[in-house]
Every structure is written in C-alpha cells, then in structure tokens.
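Enquirer: Below is one structure. I have some questions about it.
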Ligand code: RIB
Ligand code: CA
C-alpha cells in the first residue's frame, strides 16, 4: 500500500514529540516534512525540539522547517508551566546536529501542495494553526489541494484547558483556527473530549520504559514529567496524551468515534476567545465542517503506540 503523505505541523512539547515518533515509526505514513510553529515554547525551541526528536528516531534526513513565531493577530502565549523551559523537559537529549531547512515552513507547505497531485497530502497540525492559516492566506489555491486536515485542538463537553472555554492550540491563535475551520478542507478534530481519555497511567508509562530502548526510555521520561501538571490539575491517574491521537487516527481510525458537525471558533469575545463552538446536538442549521471526535479505545491506542515506539 502506498504510504500516506503527511506534513506534521508542531510545537514540541512532549506530546508532540511522541506523536512525531509514532509517525516516524509507522511505514503507513510518508512524513514529507515537519513544520514548526510557536506554541508550547517559542519558535527557536520548537524548531530545535523537532530535530531532537527526529535524531532520537534515527531519522536525521526528515526536513524540518521553522515557521511563524507568533500568532496572526495576538501576542504569543506559551506553556512552559506544562512542558518545562525547554519544551522537552523530563530527559536531557543532545542538541541536534541535523540542520534546520533554510526555507520558511509556510513556503514548504505551499510548495509541497502545489507540487503534488491534488488530494494526496494530509496536514497534521499539533499546535496553534498559524502556519496553516498563513499558507492558506498566502496561496488560496492550495486549499482545495489538501486531502484532509487531522488536528489536535478544541473541546466541547470537556471545556477548555487554558481558559474555561478554550483549549491551548485554538486559544493561542483563534484567528488562524477560524481560517482553517472555515476553509472547506475536510477536518478531523481530536479535542480534549478525546484526549482526556488517553491518560498516561503508571502502567502505560512503565510499558514504554519496559521496551528497554533509548526511545522507550525517553518517552517514559517525557510522560513522567509531562503528567505532573495535569495530575495536580485534574486529580487524574496520568496526563492526557493529546497529540499522538492525530497520528493514531491515521493509522487506526476505528479507535475513534465522533460526529460530523459544525464547529466555529470564537474570536471576538475576551471571555471565550478560542472556544470551539461545537454543534454536537445539531441545534443550528450551520453546515457540518468537521469530524469531531468524542470516544476512543484507550487501551487500543496505547497498545498501538507502545508497539510502534518499540520499533525505533
Ligand atoms: O491543549 C493541548 C495541546 O496544546 C497539545 O497539542 C499540546 O502539545 C499543546 O500544544
Ligand atoms: Ca502540541
């Protein structure tokens, strides 16, 4: 089977890192490039961290690009309180030797979509949607060429994790999210409603460590670090492993269930900025624009993730 061509747009962050590893471990996927955006930590660090992860996976040839260093219309909000100052706290890994690509991430997204047949490239945003929205603004003709966007962001019944109304990726750049959700590109959304059901319990972290590999040890160390904030906040047994849900969907979509509904982004209100207004009960006549996930087979997700991480 021909591997599915994807671009991962990311703000690593430990959960982004695990998502990238899952993608690089999976022959079903052809990672055309990794585009970095400011989010969890500033752009210089997300661009560093993406390369650290590629080298950890033994894949220094994956092209990594730096993109937008701030949201379209807002000041940057970062999340060191969750991810640590480096964005990959939990284990000290060497600075990357592989170079950052000289071109801008947005140009890479545009050029890749222009250069490949329509409907062959899937975009996988794991952070704020600034790069994607900028590409769509700069080259509107590429929008119809995108096969699908599978993203982590938003929330409905789970509310928000950054404000009571908003999840971080959408909160940081609501204008960018509004562009993407109104673009007409087929969307699959992994909101907090799903990611809060894939918790890094002790047993699941120890399963990574029991792999006995350098990558397994790194993933266990990251999730050990990453979970402390969410466990204190939610009182949960483990932390939500948000971003790998995007890649897991590409590999095993049947792990997830949701509804094709209308989702719009709040950009005007200071109180609810970045809220994904998800019409789950279809009470409006607004046309559906997103497959909004709500259920996941968590054990199946972690079985897939652990097996694939074990391949690296
Ligand atoms: O709200 C969780 C999301 O924000 C994840 O993508 C995490 O990495 C941060 O980017
Ligand atoms: Ca992320």
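The values are calculated or read from the model by the stated rules, or taken from the named source; none is laboratory data. Everything quoted here is computed from the prediction, not taken from an experiment. Here the Cβ is made from the backbone with ideal geometry for all residues, glycine too, and neighbour counts use every protein chain on show.
Enquirer: Can you tell me how many residues in the range 238-267 are touching a residue at least 60 places away in the same chain (Cβ under 8 Å), in a loop (DSSP other than H, G, I, E, B) and buried (at least 24 other Cβ atoms within 10 Å of the Cβ)?
Expert: Selection size over the range 238-267: 3.
Enquirer: Right, here's the next one. Go through the range 273-305 and count every residue that is crowded, with 17+ Cβ neighbours inside 10 Å and on the phi < 0 side of the Ramachandran plot.
Expert: The total comes to 17.
Enquirer: Taking only the range 27-72 into account, find how many residues are assigned to a loop (DSSP other than H, G, I, E, B) and surrounded by 20 or more Cβ atoms within 10 Å (Cβ to Cβ).
Expert: Total satisfying the criteria: 10.
Enquirer: Now, a different point. State whether the residues of the range 119-128 include one that is more than 16 Å from ligand 1 (Cβ to nearest atom) and on the phi > 0 side of the Ramachandran plot.
Expert: Checked the range 119-128: at least one residue is more than 16 Å from ligand 1 (Cβ to nearest atom) and on the phi > 0 side of the Ramachandran plot.
Enquirer: Looking only at residues in the range 6-26 that are more than 9 Å from ligand 2 (Cβ to nearest atom) and part of a loop (DSSP other than H, G, I, E, B), which one is nearest to residue 119 (Cα to Cα)?
Expert: Going through the qualifying residues, I end up with 26.
Enquirer: Of all residues being part of a helix (DSSP H, G or I) and touching a strand residue (DSSP E or B) at 6+ places or on another chain (Cβ under 9 Å) in the range 137-170, which is farthest from ligand 2 (Cβ to nearest atom)? Just the residue, please.
Expert: 145
Enquirer: For the condition within 16 Å of ligand 2 (Cβ to nearest atom) and closer than 30 Å to residue 143 by Cα, what is the one hit in 192, 187?
Expert: The unique qualifying residue is 192.
Enquirer: Looking at 211, 187, which is the one that is more than 18 Å from residue 109 (Cα to Cα) and either modelled with pLDDT of 95 or more or surrounded by 21 or more Cβ atoms within 10 Å (Cβ to Cβ) (or both)? Before you say what the answer is, go through the steps one by one.
Expert: Numbers: 187 fails: more than 18 Å from residue 109 (Cα to Cα).
Being more than 18 Å from residue 109 (Cα to Cα) and either modelled with pLDDT of 95 or more or surrounded by 21 or more Cβ atoms within 10 Å (Cβ to Cβ) (or both) holds for just one of 211, 187, which is 211.
Enquirer: Looking at the range 157-165, is at least one residue surrounded by 21 or more Cβ atoms within 10 Å (Cβ to Cβ) and farther than 17 Å from residue 241 by Cα?
Expert: Looking for residues that are surrounded by 21 or more Cβ atoms within 10 Å (Cβ to Cβ) and farther than 17 Å from residue 241 by Cα, one finds none in the range 157-165, hence no.
Enquirer: Suppose we keep only residues that are without any contact (Cβ under 8 Å) to a residue 60 or more places away in the chain and surrounded by 10 or more Cβ atoms within 10 Å (Cβ to Cβ) within the range 86-99. Which one would you say is nearest to residue 230 (Cα to Cα)?
Expert: Per the criteria, the residue is 86.
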